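The values are calculated or read from the model by the stated rules, or taken from the named source; none is laboratory data. For clarity, every value in this text was computed on a predicted model and none was experimentally measured. Methodologically, a virtual Cβ is constructed for each residue, glycine included, from the backbone with ideal geometry; neighbour enumeration extends over all protein chains shown. Heads up: the accessible areas ignore ligands, DNA and RNA and are worked out on the full protein's heavy atoms, side chains in. Shrake-Rupley method; radii C 1.70, N 1.55, O 1.52, S 1.80 Å.
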Amino acid sequence: MIIRTHSRRDFLVGAAKAATLGISGTTGLSGVSAFATPQARTVAASGNDGLIPYGAAVRSSALASNAAYRAAIVANCQLIVPEGEMKWPDIHPARGQYRFEKADALVDFARQNNIEVRGHTLAWYGGMPEWTEAIGSRAEAQQELVDHIETVVSRYRGAIPSWDVVNEPLVDWPTDAAWLRPSIWTKQLGPDYLPIALRAAALADPDAQLVLNEYDVEYEGPRFAARRKALVRLLRALRERDVPLHAVGLQAHLLAGRTIDRDGLQAMLAEIKALKLDVLVTELDVIDYELPGEVSERDAMVAAMAAQFLGAVCDVVRPKAILTWGLSDRYTWVPTYFKRRDGMPNRPLPLDADFKRKPLFDVVEQYRRTAAVPAGAL
Ligand code: XIL
């Protein structure tokens, strides 16, 4: 069991470091990686077949208990991302206390099977442990955020080449005046939490690909147009301030029934490209709770929705990776929030509950073959 307990001295040293990490902070941090092997800032360098690397979110409980699931992950994934094991409640359950056993086990599993790991996630409004509610000042918030990022990212330096540093920074319907989703971080640090988090990650692992991950940027309608506009504005502001950031993650939890705004999405991607940021598809699944029950019809609609999305994306950028939020319908977050009224199980993922390939699998395979997008494609 690995528990790192911080002493009062650590706290003070951390606070001093944090103080140097403001908007213009450049001080180096030294971190000791438990998994140090040098690696370039890429994802899935191991997948040498020329295809876009594919991966899935995994659950360590299922990896431990289900051999067929484990085999399916090994057979199909060049990348994995922990669904929860690297979020704050798991990895940092109490102030000054880190627990790495589940995350370490996933990293070991990946290494043994020649799979790369993406880290998820460091600065998010959601799923925060209760203790963080007591964070009561700007200095304390900065110290806690920086300490967390420094500790976690440096632990996996060399083993995790890509991190979702910032997750879901935008409010549901951004306006020019209110665009940042409230969190403990915005409460104490305002928009500065973004450069603080990204700079801390860059210092902890200068080779890691730093990703800002967002959802609901692909559909038709004014709310989604406002989200695209706010995202580009945010990315531009970070770029202008020289904040380290390498890629945008499109979560792509696609709600079947909505319409993909091909033009709007492509215009946003063109702006992202112009800012010299890469794109990853990070959490693809198709939320099928309002689709017809009949399985083959539903599977075809799910695949078609994903094809529309990936088609729009891959026409303008070549994503650095495509990940689905789970591999098999047996293990998916979707029913927690989007249970079907007819009581039938959801089918949002590439493999069914018995690990058989569905049409969605073939769609992902098809778009993994996307070649580099020719210059001037837009
Ligand atoms: C979800 C997990 O899948 C659930 O198991 C957990 O209870 C809540 O979080 N966007 C994200 C992910 O960035 O972290 C979320 O994962 C799904 C939406």
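Taken one residue at a time, the phi angles of the range 120-130 give Karplus couplings (6.51, -1.76, 1.60, θ = phi - 60°) of 8, 9, 9, 10, 9, 7, x, x, 8, x, 4 Hz. Gly and Pro are set to x. With all projection directions averaged, the alpha carbon convex hull of the range 214-301 covers 6.0 nm².
Note on CYS77: accessible area is roughly 10 Å² with a 1.4 Å probe, heavy atoms of protein only. Build a GNM of the chain with springs between Cα atoms under 10 Å apart, and of ASP104, ASP205, ASP164 the one that fluctuates most is ASP104.
Helix 138-155 and the long axis of the chain differ in direction by around 60°, with both axes built from C-alpha atoms.
A 1.4 Å probe, protein heavy atoms only, puts the accessible area of SER296 near 80 Å². Based on the Kirkwood radius over alpha-carbon pairs, what is the Stokes-Einstein translational diffusion coefficient of the range 78-161 at 10 °C with 1.306 mPa s viscosity, in µm²/s? It comes out at roughly 118 µm²/s.
Among LEU255, LEU51, LEU280, the residue with the largest mean-square fluctuation in a Gaussian network model of the chain, with springs joining Cα atoms closer than 10 Å, is LEU51. Pairing the Cα long axis of helix 295-314 with the longest principal axis of the chain, what angle in degrees results, from 0 to 90 and rounded to the nearest 10? Rounded to the nearest ten degrees, it is 60.
Using alpha carbons only, the radius of gyration of the range 265-378 set against its Kirkwood radius gives Rg/Rh = 1.02. Taking all protein chains together, GLU271, GLU240, GLU168 sort by accessible area into GLU240, GLU271, GLU168, largest first [probe 1.4 Å].
Using only Cα atoms, what Kirkwood radius does the range 54-93 have, in angstroms? This gives a value of 10.7 Å. Computed over the alpha-carbon pairs of the range 70-127, the distance histogram in 5 Å steps reads 4, 19, 26, 22, 14, 10, 4, 1 percent, short to long.
The count of lysine pairs in the chain whose Cα atoms are under 25 Å apart, excluding pairs fewer than 8 places apart on the same chain, comes to 15. For the chain, the solvent-accessible area works out to 40 Å² per residue, with a probe of 1.4 Å and every protein chain left in place.
Could you tell me what % of all Cα pairs in the range 170-242 have separations over 20 Å? Roughly 35 percent, rounded to a whole number. Note on LYS356: accessible area is roughly 120 Å² with a 1.4 Å probe, heavy atoms of protein only. Relative to the longest principal axis of the Cα atoms of the chain, the long axis of helix 101-112 makes an angle of roughly 60 degrees.
For the peptides 336-343, 154-161, the ranking by mean Cβ contacts within 10 Å, running from highest to lowest, is 154-161, 336-343. For the chain, give me the percentage of DSSP beta bridges that are antiparallel, rounded to the nearest 5 percent. Antiparallel: roughly 15 percent of the beta bridges in the chain. Here the chain is described by how far its Cα atoms reach on the three principal axes: 61, 47, 42 Å, from widest to narrowest.
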